[in-house]
Amino acid sequence: QVQLVESGGGLVQPGGSLRLSCAASGFTFDDFAIGWFRQAPGQEREGVACITGSDKKTVYADSVQGRFTISRDHGEKTVYLQMNSLEVEDTATYYCALRSTYGGDCPNNGGLYDYWGQGTQVTVSS
């Protein structure tokens, strides 16, 4: 069975950093794209970053470009989201999601991702 488990969220001051983790199991990790999405109360779900399988190509939302970095460790079967220079507007629940298309790319549409983690809360506040 496919499982995605996020961790690493918490409370941080503006300008601070956090690293989120998404531990994956139940599929051939190298073959599929995994993305990070976020949703704040009253807001639509937003794609944040995504990384493809073995070639590790990455895409980012304009709002986080230059501040966030996505990576994946094939040995540990974990995807990370390093978040620097955090802003109040980054406050949201963050989810990782698997796109179950073999060798697929990273569309910015959550409806094309088939498996989701439970989410981890990130709060940026002074």
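Each reported figure results from applying straightforward, stated rules to the coordinates on display, with no laboratory input. Predicted model only: the values in this text are computed from it and were never measured. Cβ: placed from backbone, ideal geometry, glycine included. Neighbour counts: every protein chain shown.
General remarks:
- Dipole magnitude of the chain about its Cα centre (Cβ charges: Lys, Arg +1; Asp, Glu -1), debye to nearest 20: 140
- Where labels lie 7 Å past Cα in the beta-carbon direction, separation of Q39 and S85 in nm: 2.9
- By the equivalent-ellipsoid construction on the alpha carbon gyration tensor, the chain comes out with semi-axes of 23, 14, 14 Å, ordered largest to smallest.
- For the range 65-97 versus the range 36-59, the gap between their alpha-carbon centres in whole angstrom: 8
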